[in-house]
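Heads up, the thing below is written out as structure tokens.
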Amino acid sequence: MWTLSNRLRAMQINAINLNVAASGNWGKDGPPDFPTIGPAGWQQPPAEQKPEYTDNFDFFRKMGWPSG
């Protein structure tokens, strides 16, 4: 079970790993592959989502404003 404190600790470790991978001088092989720590939902890449609105006027039109 992932409690709030465990989730925060996992987020902290993931952030440190990301900063280490981004700031190092790794040569030809590149940075090491750090595994993502956390709940199962964090392990999968997020699904690609299409934008719901193309511009601000589209947002106002869908909300029913007359100026859209």
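A few notes on this one:
- Residue pairs whose Cβ atoms lie under 6 Å apart, sitting 6 or more positions apart in sequence or on different chains, and linking a residue in region 24-50 that is of a type in the set (Phe, Trp, Tyr) to a partner that is in a loop (DSSP other than H, G, I, E, B), are 42/36.
- Boolean, residue 50 is basic (Lys, Arg) and within 21 Å of the chain's Cα centre (by Cα): yes
- Restricting region 15-39 to residues that are over 14 Å from the mean Cα position of the chain (by Cα) and aliphatic (A, V, I, L, M), the residue that is surrounded by the most Cβ atoms within 10 Å (Cβ to Cβ) is 21.
Rule-based calculations on the coordinates, nothing more; no lab input. In this text the structure is predicted, and so the values were computed from the model without any measurement. Glycine gets a Cβ as well: all are built from the backbone with ideal geometry, and neighbour counts include every protein chain shown.
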